[in-house]
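One structure below.
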Amino acid sequence: MEKAKISLYQLFVLILLFELGSAILVPLASDAKQDAWLAILFGMLGGLFLFWVNYRLFLYYPELAPPEYMQKLLGKILGTILAFCYIILFMYSAARVLRDFGEMLLTFAYLETPLFIVNALLMLVIIYAVSKGIEVVARTGELFFFFIYFLAITGFILILFSGLIDINNLKPILEHGISPIARVVLTQTLYFPFGEAIVFSMIFPYITNRKKAKKIGLFAIGLSGINLAITMAINIGVLGVDLTARSQFPLLSTIQSIQVADFLERLDVFFMISTVICIYFKVSIYFYAAVASTAVIFKIKEPSMLTYPMGMVILFMSVTIASSYAEHLKEGLEFATRYLHPFFLIIFPLLLLGIAFLKNRKK
């Protein structure tokens, strides 16, 4: 592992930008209809618990990276296999988020540009940043954090002054009871985006003040959940339930509706800049976790040597992962959240925590 130091503020920024990532892009929890914002908040609560599970694992082995304590808990062979599976998951998730980025730009501005070219431009920047280490990525996050919130607050104020929000679109609350919300939480929002914070297990060893890392992490996940819930509530309030569910990028449609004083309009660039920044950090953190885990497993002293070949693999995965954006979304809902996330984000971390507790109960 590299010698890096991450402050609590940098950890907070990275978690918040990671959680927002591509979640502000897609119609998150749209199956819950007007209660989508509630499904996001309940998913956030589950995400807080999963973050605590991963933090507790870190406290048992504070000087070890996840691949190392997996080998310690499960044995050399099983631990290595599980760690390798997480590397594949991180690379697959990075490719999916990169695909979201490319599809958004093609829809927004570059209609005739090949998807590969758009994705390659971002991936080359990410490869360069990750090759310099997680500390560089964290410092970049500090620079962009306030800019992102400035855009978000400005956009929110403009939507309010435009008079676009119809509060009736959010009614009736709990029209069909709690069961539709519970179903969406257990199949979507618990995993995406909140359960994905498991990737920060690779960053915990670099934190300078480890005692307060739990509070900062929980606060960041909670704040990101509130932000996503507000965003989805605004989308539904402006567009309505049906249009929000049908829209590829509901937040883009919402921002395109802004019109203040007959001259302030077409603020799509707000949306594009904020999503590009958030997706950059999400892909970077996934990519860094995959590179660092690979370096630990194969005992490579210079992880930067892995960035270019692994980055190219993620780039080609992002293009070949699905033949269309509709198929890409369907694969995420029907394959990733059903067959990958329950095992790798919930079952395996709980299993590892149980084994760690039994092995260290005397301590």
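The values are calculated or read from the model by the stated rules, or taken from the named source; none is laboratory data. In this text, all values refer to a predicted model and were calculated from it rather than measured experimentally. So basically every Cβ, Gly included, is an ideal-geometry build from the backbone, and we count neighbours across all protein chains shown. Just so you know, the surface numbers come from the protein's heavy atoms only, side chains and all, with ligands and any DNA or RNA stripped out. Shrake-Rupley method; radii C 1.70, N 1.55, O 1.52, S 1.80 Å.
Brief remarks follow.
- Hull-based mean projected area of segment 22-121, where the convex hull spans the alpha carbons, in square nanometres: 9.3 nm²
- Cβ-derived FRET efficiency at R0 35 Å, E142 paired with F316, nearest 0.05: 0.65
- Only helices enter this figure: runs of n ≥ 4 DSSP H residues, each worth -39500 (n - 2.57), summed and divided by the residues of the chain, yield -21500 deg cm²/dmol at 222 nm to the nearest 500.
- Inter-part distance, segment 194-241 to segment 103-157, computed on C-alpha centroids, equals 18 Å.
- Rotationally averaged projected area of the chain (alpha carbon convex hull; nm²): 18.0 nm²
- On the principal axes of its alpha-carbon atoms, segment 96-206 has extents of 50, 37, 30 Å, going from largest to smallest.
- Label positions at F335 and I117, each projected 7 Å from the Cα along the C-beta direction, are separated by 2.8 nm.
- Average projection, convex hull of the Cα set of segment 247-363: 12.4 square nanometres.
- Applying a length cut-off of 15 Å (Cα extent along the axis) and a mean Kyte-Doolittle floor of 1.0 to the DSSP H helices of the chain leaves 8-20, 36-60, 76-108, 115-131, 134-162, 213-239, 268-297, 307-320, 348-359.
- Long-range amide H partners of I207 with built H, under 5 Å: I6
- Cβ-Cβ distance of L124 and L351, R₀ of 22 Å, FRET efficiency by 1/(1 + (r/R0)^6): the value works out to about 0.05.
- Compared with the alpha-carbon gap, the fully stretched path from S323 to I273 is longer by 15.4 nm at 0.36 nm per residue.
- Accessible surface of segment 244-324 [probe 1.4 Å, protein heavy atoms]: carbon and sulfur percent: 63 percent
- Gyration tensor over alpha-carbon atoms, segment 313-363, equivalent ellipsoid semi-axes in Å: 36, 13, 5
- Annotation: per residue accessible area for the chain equals 45 Å², rounded to a whole number [probe 1.4 Å, protein chains only].
- I226-K212 pseudo-label distance in nm [points 7 Å out on the Cα-to-Cβ vector]: 1.9 nm
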